[in-house]
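Following: one structure in structure tokens, then a few remarks.
The values are calculated or read from the model by the stated rules, or taken from the named source; none is laboratory data. Source: prediction; values computed, not measured. Here the Cβ positions follow ideal geometry from the backbone for every residue, glycine too, while neighbour counts run over all protein chains shown.
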Amino acid sequence: MRPILTGIPILGAAVGLLCACAAGPAADEDLLPLASDSVFVMIVNETQYDARVHAFYRGGARYPLGTVGSNRTTEGLAIPWQPRGLSVEIDLVIGPGVFRSQEVTVAQGDLVEVRIPPNIQTSGFFIRVQ
């Protein structure tokens, strides 16, 4: 009988862990309101430099999108949607400066793909600000 009693607490802990894991997907429901009120930004870095990227709305807050390695792509990162023009600021780490994109109009749920070209200085879409 002794081995059966010591196995019961282990079995109880395993059942508790399974129940906790089963409850995990329900947390995704909390993300649904965010998704409908968000804009998703995907960064494609085609330069040889790592790039720190921020998105910002005209007259609004800045949203850090992280650092994108050279020749790398990020998944769509969610930022809150605002009814204003959206721009992206690119800070090339060890590169030739900081660049700001032209302003674009976005709607809720849009996926915005930002390509950082290897010739960002002459791209016409980005303006050097520093």
Quick check: anything in the range 47-61 at pLDDT below 95, surrounded by 13 or more Cβ atoms within 10 Å (Cβ to Cβ), in contact with a helix residue (DSSP H, G or I) (Cβ under 7 Å, 6 or more places away or on another chain) and among the polar types (S, T, N, Q)? yes
Look through I127, I90, I116 and report the one residue that is over 15 Å from V44 (Cα atoms) and out of contact with any Cys (no Cβ under 6 Å at 6 or more places or on another chain). I127
When the range 82-105 is checked residue by residue, the ones that are in contact with a Gly (Cβ under 8 Å, 6 or more places away or on another chain) and in a loop (DSSP other than H, G, I, E, B) are Q82, R84, E103, T105
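Residues are listed down the side, and each one gets a yes or a no for (1) at pLDDT 95 or above; (2) hydrophobic (A, V, I, L, M, F, W, C):
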site	(1), (2)
S70	no, no
P83	no, no
D91	yes, no
F99	yes, yes
V129	no, yes
Go through the range 37-59 and give me each residue that's in a loop (DSSP other than H, G, I, E, B) and touching a strand residue (DSSP E or B) at 6+ places or on another chain (Cβ under 9 Å). D37, E46, T47, Y49, D50, R58
Going by what's in this entry, would Q108 be described as surrounded by 12 or more Cβ atoms within 10 Å (Cβ to Cβ), polar (S, T, N, Q), touching a residue at least 12 places away in the same chain (Cβ under 8 Å) and not in a loop (DSSP other than H, G, I, E, B)? no
